[in-house]
Every structure is written in structure tokens, then in C-alpha cells.
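**Q** Structure incoming, see below.
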Amino acid sequence: MLPQAGFVTSRVLAIESSCDETAAAVVEGNRVLSSVVRSQIEVHEKFGGVVPELASRHHLGAVVPVVDEALSAAGVELPSIDAFAVTEGPGLMGALLVGVQMARGLALATDRPLVGVHHMEGHLWSAFLGDDTRPARPFVPHLALLVSGGHTELVDVAGLGRYEILGATRDDAAGEAYDKVAKMLGLGYPGGPAIDRLAAEGCGTAVKLPRAMADRPTLDFSFSGLKTAVRVHVDRTGSPDSRQALADLCASFQAAVVDVLVLKALRALRQTGRDRLHIVGGVAANRGLREAAAQAATQHGFTFEAVPMRYCGDNAAMIGAAAAARFDAGVRRDVDVHTSLPIDDARMLLP
């Protein structure tokens, strides 16, 4: 159980290394004292995606400096840390092990507890983060639309360790579809930000594209067919021959993704009776999605919480906040490194 007021106060140093960002943060409950993220985009963009071996090597070189920078930025020293936290999965095995071994070493050297955190649980906690520019939020039950990397899920979040996946993607996740369509259109990696920028200049109805599974009662998603529809359009009409044509195609693709995400979220809100929606994960930084969710909240009368842009992508602050909640709730278990364990697996949940 969380404290009655909804806040936790333990000081946690967290490490995140599940994919291609090496991150460390110091948090006090949901309040961020420092958050340092070192990206590997320049390393992987030439390959059009993350190369696991390269990711692991760059984590090895970055993890110690990043932890040192996080401690320095927070103005704290190791003896003042109550617990350490680390992303235990899902993610790339080699990348995860770098962070886990660093965190284990710090915990052993300081005789402090170590808390393993599911990466998606971290994203669920990102909506509550506060810092010098925004107050920390207390935990409240909500519906989460989790759109991060290879994940697109609707999760009913009743409390700490009380998660139920209501719907998930059956093939490509939204983020994967963005990256694949961007590569198809020659927009580079990562694809989401490039498509989002161009979409702001285009017309979302210029190209007719499918809204997969929109007319089915299920809360599951499918974006593989949308990606194929973009390919068929390009094969039939040729690559966009102007910036406007490219912007129109990007806007049409984004509208198709956003329409389905918001439609399914609304359906899940009705089914669960929740009155609060959080959109979390890397795709939560998408301006089109944020605007559509805000409009839907006004129209349908629910609360929409937008995660600060700096905490949408992979970061250690969210891992620290989730760990602080677990630490204060008395949760003690060994770190269990895994590459694909779902967030509603029995090992992730609390009784």
C-alpha cells in the first residue's frame, strides 16, 4: 500500500539501460533531484535501428560517468541514498546487464537495498514525476495508454503492483510502425519525431488509410496493416515528390494511428469506469496524440495527464519513482533480469 497521502519520500538512485539510453537519476519519491540521459542515437542511426552489441558496449563506457553526473547534479553523496533501483526488463539482455551489475555493485558497496523495476512500471510512474518546474503528483488510480518502443497497451492501474492489461498490439506497436514508415520514406531513425514534425505541416485526410480493428469491440491494436497500406500507396503513386506531399502522407499516417489509440482509450475508460487517462512512453511525446487526447478529455469529461516531454522517453527518474513506491511499501525481492516479461505477470504484481 502507498502512504495515505499518495506520496513516498525515500531517496533513490536509479539506473536505466534497457535499450539505447544510459540514464541515471536521483529522486525523493516522485520528486526528481537529477535526471541524466545519454543517448546513443548517433551510434545507431546509420543502421536504421538499434544494434544490440553496440548498445551494450556504449552502456559500458557511459554508465559510471552518468551515475557520477546524476549524483553531482542532485548535490548528494552515496551515503545519503536510501536504496538503489535498476531496470530489470524488458529490454536487450546485454544492455540490461550493464545497468544491473552497476546497481548491484553500488548496493553491495554501500549496504543498501536494491529494487528491480519493470521498465513499463517506470513509464506508468512517469506521469507523477515533479521537479523544480512542476510539482510532484500523488498516485491516483487511472487508465494508462502505454505507447513505448515495442509496446502499445491499455493498462488499468489500480495501485502499486496492481496492473491489468486490457488490450495490447497483436503485431507492430505504434512506435515500431512510426520507425518503419519513417525508414520507408527516407526520414531516418528514430522515425517518430520526424513524422510528427512533418505531420504538423500536412493534411490528415489527404491520403485514405485504414483504422485497423476500430470497428471491433476488442481493446487490442494492430498497426502492421497500416504500415503495409503506406507501402502500397508509395508503390502505386511513387515517393512523395514535394515537401507538401510528404507532409500530407505523414499527417495521414499519424491521424490513422492517433484515431485508433484515442478511440480504444475512450472505449477502455467506459468499460473500466475510470475518469483519468495517462498516456505514457516515448510516443507520449507525439504532439498529435497529446492534442487529440486533450480534445477528447474536454469533449468526454475525463482528466488527461500529459507526461512532461523530458520524461516521455526512457529515463531513470521514472524507474526511481516506481522503486521508491515499492521500497516504502516494504517490497523486497531480488532483481530478476528478463527480456520480455509482461507487466501483469504474477512476479510483477503485489498481493
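The values are calculated or read from the model by the stated rules, or taken from the named source; none is laboratory data. Quick caveat: nothing in here was measured; it's all calculated off a predicted structure. Positions of Cβ are generated from backbone atoms using ideal geometry, with glycine treated the same way; all protein chains shown enter the neighbour counts. Ligands, DNA and RNA are stripped out before the accessible areas are found, and what is left, the full protein with its side chains, is counted by its heavy atoms. Shrake-Rupley method; radii C 1.70, N 1.55, O 1.52, S 1.80 Å.
**Q** Starting from 0.36 nm per residue, how many nanometres of slack lie between E53 and D275 once their C-alpha separation is accounted for? Before the final figure, lay out the partial values.
**A** Details: separation 222, 0.36 × 222 = 79.92 nm, distance 4.32 nm.
Between E53 and D275, full extension yields an extra 75.6 nm.
**Q** For the chain, set up a Gaussian network in which alpha carbons nearer than 10 Å are linked by springs, and say which option among R326, R216, R267 fluctuates the most.
**A** Per the Cα network of the chain with a 10 Å cutoff, R216 tops the list.
**Q** What number comes out for accessible area per residue over the chain if the probe is 1.4 Å? Units Å², please.
**A** On the way: 14490 Å² over 351 residues.
In whole numbers, the chain has 41 Å² accessible per residue.
**Q** Given a 1.4 angstrom probe, I'd like the percentage of the accessible area of the chain that is carbon and sulfur, rounded to a whole number.
**A** On the way: 7460 of 14490 Å².
Reported share for carbon and sulfur atoms: 51 percent.
**Q** Arranged from highest to lowest average of other beta-carbon atoms within 10 Å per residue, in what order do the peptides 204-211, 21-28, 254-261 appear? Each step should come with its number before you reach the end.
**A** Working: 204-211: 15.6, 21-28: 28.4, 254-261: 22.5.
Ranking the peptides 204-211, 21-28, 254-261 by packing returns 21-28, 254-261, 204-211.
**Q** Then there's this: In terms of modelled amide H atoms, which long-range or inter-chain residues lie less than 5 Å from the amide H of V32?
**A** So V32 has HN proximity to G130, D131.
**Q** What does the helix-only formula give at 222 nm for the chain: each DSSP H stretch with n ≥ 4 adding -39500 (n - 2.57), the total divided by the residues, and the result rounded to the nearest 500 deg cm²/dmol? All intermediate terms of the calculation are to be shown ahead of the outcome.
**A** Working: 10 runs with 144 residues, N = 351.
Helix contribution divided over all residues of the chain: -13500 deg cm²/dmol.
**Q** Could you calculate the FRET efficiency of Q295 with K183 from 1/(1 + (r/R0)^6), where r is the beta carbon distance between them and R0 is 30 Å, rounded to 0.05? Don't skip to the end; give the middle numbers.
**A** Working: r = 30 Å, r/R0 = 1.00.
The computed FRET efficiency comes out at 0.50.
**Q** Can you give the % of DSSP beta bridges in the chain that are antiparallel, to the nearest 5?
**A** On the way: 28 of 47 bridges.
Within the chain, antiparallel bridges account for around 60 percent of the total.
**Q** Please tell me which of these pairs span more than 25 angstrom C-alpha to C-alpha: K183/K264; K46/K227; K46/K180?
**A** Values: K183/K264 27 Å; K46/K227 22 Å; K46/K180 14 Å.
Beyond 25 Å: K183/K264.
**Q** Another question, if that's okay. So, with +1 on the Cβ of K and R and -1 on the Cβ of D and E, and no other charges, what is the size of the charge dipole of segment 267-351 about its Cα centre, to the nearest 20 debye?
**A** Dipole about the Cα centre, nearest 20: 200 debye.
**Q** For segment 277-284, what does the Karplus curve 6.51 cos²θ - 1.76 cosθ + 1.60, with θ = phi - 60°, yield as ³J(HN,Hα) per residue in whole Hz, taken in order and with x for Gly and Pro?
**A** My calculation for segment 277-284 gives 10, 10, 10, 10, x, x, 6, 5 Hz in order.
**Q** Using a Gaussian network model on the chain with a 10 Å cutoff between Cα atoms, which of D248, D196, D132 fluctuates the most?
**A** D132
**Q** Please report the antiparallel percentage of the DSSP beta bridges confined to segment 1-132, to the nearest 5. List each step's numbers first, then the result.
**A** Values: 14 of 24 bridges.
In segment 1-132, DSSP labels about 60 percent of beta bridges as antiparallel.
**Q** Still on this structure: If each of R231 and A206 carries a label point 7 Å out from its Cα toward its Cβ, how far apart are those two points in nm?
**A** If labels sit at R231 and A206, their model points lie 2.3 nm apart.
**Q** Who wins for biggest fluctuation among T133, T169, T237 in a Gaussian network model of the chain, springs between alpha carbons below 10 Å?
**A** T133
**Q** Which whole-number percent is the relative contact order of segment 3-104 (Cα, under 8 Å, 6+ apart)?
**A** On the way: 183 pairs, mean separation 37.0, N = 102.
About 36 percent, as a whole number.
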